Each structure stands twice: as C-alpha cells, then as structure tokens.
1. Sequence gap at least 6, Cα distance under 8 Å: using those rules, report the relative contact order of chain B to the nearest whole percent.
2. Is the shape of chain B best called rounded, prolate or oblate, per the rule: a/c under 1.5 gives rounded, else a/b larger than b/c gives prolate, else oblate, with a ≥ b ≥ c the square roots of the Cα gyration tensor eigenvalues?
3. Placing one identical point scatterer on every Cα of segment B:69-228 and ignoring solvent, what is log10 I(q)/I(0) from the Debye formula at q = 0.16, 0.18, 0.20 Å⁻¹?
4. Pick from B:A133, B:A246, B:A189: which residue has the top mean-square fluctuation in a GNM of chain B where Cα pairs under 10 Å get a spring?
5. Quick one: which residues, 5+ away or cross-chain, put their amide H under 5 Å from the amide H of B:L319? H built at 1.01 Å from N.
6. Long-range amide H contacts for B:L81: which residues qualify at under 5 Å (H placed 1.01 Å from N, peptide plane, sequence gap of 5 or more or a different chain)?
7. Quick one: among A:H22, A:H53, A:H101, which has the greatest mean-square fluctuation in a GNM of chain A with alpha-carbon springs under 10 angstrom?
8. With a 10 Å cut-off between alpha carbons and a GNM built on chain B, which of B:A91, B:A286, B:A183 moves the most?
Amino acid sequence: MLLVVTYSRRARETLRNACRSHEETVVRRFGRAALLRETEYGAFLACRLRERHAGNVQIERTEPFNEFADAPDTVREAASAYENRESPSTPYDRFAAGTDHPTSDAMREREL
Amino acid sequence: MSSDGADVGETVVSGVPSFTLRLPNGRVEDGPVVDLRGDASEIPTGSQLRRAVRVGCPTRPTSPTVYSVRPGRAHAHVASLGPDTAIRSRAALAAVAVDIGIETPHDDDLVDALRSLRALSPAPIDDAELRAARRRAAVAGAETDRLRERVATVRGRVTALREAAADDVAADDAATAPSPDEALTEAEAALSDLTRQLSEVATERVAAAQRLRLLERRTRSARDQRNARIRLEDRVENCRRRVRAAHIDAVSDAFRDARAELDRWIVGDVVPEADTSELLDALAVARLAPIRAPLLVVGDVADALGGPDAAFDRLGAPLILR
C-alpha cells in the first residue's frame, strides 16, 4: 500500500479532500496520513499530492509484515514468550536474562 | 440628544467621534450625523460611501471622502444599515468584544502559542534535490536490471559457443565450420564489455541509493520540525476558537438586551419579524460596539428609530443618512 503522510496544514487539507472524494482508493485514513490502495490511481493521487506540496508530503510503499518470513525466529519467539510471561510487570530485559532470547539492545542494533 | 449637537458637528455622545464628509461636488458636511437625503442628484452611491469610510483619504476627486477615526473591527459588520441588511452575528459579536477590549482566560495561551510558532522555522526541504536523487536511483536501478539481463543472455551464448567449439575440436571437423572461434571471441569480448558496464552501473546504483538515503534521513529531521509546527498551528487555531467563543459569550447578554431595547424603540415596519430580523441584530451590534467611524443608515431605518438624532443617540455611532 502507499502510505501518504503530510507535514503542513494545507497538505493535510488536500489529503483530506482527496480521501473524501476517492474513498475507493483509500484503505485507511489517519489524522494527517492515509493508506492508499496500490493501484495506478493510488499512485496518481500520491503523485499529485507530492507535486502540489513537495517536501510536505512523504510517500512510503508499505507491505504486510509476515512475522514468519520477515523476522528471525528468535525475535518472533522472544515476543511470543514475553507476551505470555507469568508476571506482567517484568521488563523485557530482565525476562530475557539467562535465556536464549536476544537482548533489546542486540535487537536494536540489527537491521531486519 | 438635541439636534444642535449634530448641527455644530461636535461630539455629542461621549466617546463618539465626529467626522467630516466631502462630496465630489465640493459640499462638505460635518458629523456626527450627516443627512444626505433629498439631494438625489449629487449623492454618492452606498458602495461609494462605504468605501470612503473604509479607506479614508486620499480618494479620487470623483469619489466622496470621509475624514474620520479608522473603523474598528465591528464596523465592517454593520457599516450599512438598511431593511435588507444581513449580518453574521457571531463574527460581529466577536469583533465587538475585540473592539471593547474584552480579555479572556485564553489570551495568554494564544500569545504564547503564536510566539512559539514564530520562533519555529523548520529547516527547508530541498525537494528538487530529493526528486533528482529519486530519479537517479530509479534510472540506475533500471539500468542495472537491464544490463544484468543482457549479461546473462550473452553469457549463455558464450557458454553455448564454447561447448560447440569443444565439440568441433572433438569431431576434428574445424575446416567446414564458419569460424566458430571468431564468433566465440566476439561473444567473449561483448561479455567482458557488458560485465564492465554492469559493474559501473552497479556502483552508480549503490552511490545513488546511498545519496537518496542520506537525503531522506535529512528530510526526516526537517519533517519532525514540521510536525511540531503543525501541532503549534493547531494549538493556535484552538486558542483562537476558545478566545472567540469567550468573546462572544462575554457580550451576548448585552447584545440580547440591546436588541430588546431597540425592538421596543423601533416603530413602523422596517422590522417585520423581530425574532429573526438581521437588521435588528445589526442595530444591536452597532449599539453595543464602540463605533467610531460613521455608519451608513437608510433613512427609513433612522426614522423607525425616531429620526436622525434619536438614531444617533440609540446607536451611539456617527451616522450618514441616505
């Protein structure tokens, strides 16, 4: 999908209007951002916004995140184990200490 | 209020300034009440008079000129009072409150937000540069893909030719073949040339991607500041709305009273439906506001208020009757 984020009031207003009149192309709307369907028309709307508001419009191409394909097993398993921990107040790093789960710093340093 | 006051052109209601009106034909009238009725041929139109009040002087010799205090904010909402006067009451009341100088609990917030907004100037985003970097990265990417395909094709041909040459050597039948060595040499040269090109554009692709990433990182921090600016702008807007609501609130009782008083005073049929009359709204705003520049009043409206002097008294504003 195309994620369009706006950084000025006028760009936000244009995005709002575009979303209102092209509902079929809008997947989700947030305050000053919107997810557009990945069709040529979605790209057309995104290009128009960028053309009009230049640097005040950010456009990213997003993909669904598949934790089985896009994240290492260790990360997925750490998340799963931590969410199922017995004591809800344990911070992650204390939880991970002494186990095979990666530390939060280690995960911060590694790109996906 | 006596008519003498109007005739000598002095300020007769405390705080209501006088004014001077100069007509294109040279006639000069002094306020606070000027009655232009009964001189139809030389009288400027309503819009000419409105403009004269709004812009002051100098004006063209063919236009009337009004010498007066500069109109306040509320003035614009009630500049012209006639049977078909329309008014946006809330906006007018907010203007009245500003003219009166009413303070609200949100004023400091607004000043503060405006100051912060002025102090914040987000770093510029060089969009042309970003755009050029995106294009360069895209071109380098497409060129790399194209060359990679070409290299694969030519490499396939080289492999095939090498195999064929090996077979030929094995068959010991070199004499009949149309110089396979030559074709192989040519293909190998093409392959090495393409490989060199590919390595060049691949380098360019990496450079272009790095440049784009760098620019995008820079843009991100500029956008953080823009984020902050939008939030401040929204805060200013909210403060303004709150100030406005408080302003309207502060004068709405007085407005209702003024409207009721005027409704009692008005005679005749200029206000057929008192409950919904926008003229009555406008008259009440005029009465409430510290009006300092003259208002244009249609004669019938002034008469309904009891004549020019009574109208002046009841509206507390300098008037031009027409």
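The values are calculated or read from the model by the stated rules, or taken from the named source; none is laboratory data. Quantities reported herein were computed from a predicted structural model and do not represent experimental measurements. Cβ: placed from backbone, ideal geometry, glycine included. Neighbour counts: every protein chain shown. Just the protein is used for accessible areas: all its heavy atoms, side chains included, with ligands, DNA and RNA removed. Shrake-Rupley method; radii C 1.70, N 1.55, O 1.52, S 1.80 Å.
1. On the way: 432 pairs, mean separation 104.2, N = 322.
Relative contact order for chain B comes out at 32 percent.
2. Values: a/c = 4.90, a/b = 3.69, b/c = 1.33.
Here chain B falls in the prolate category.
3. Computed log10 I(q)/I(0) values: -0.99, -1.09, -1.17.
4. B:A189
5. For B:L319, the qualifying residues are B:V33, B:V34, B:L295.
6. Residues meeting the amide H criterion: B:L296, B:V297, B:V298.
7. A:H101
8. B:A183
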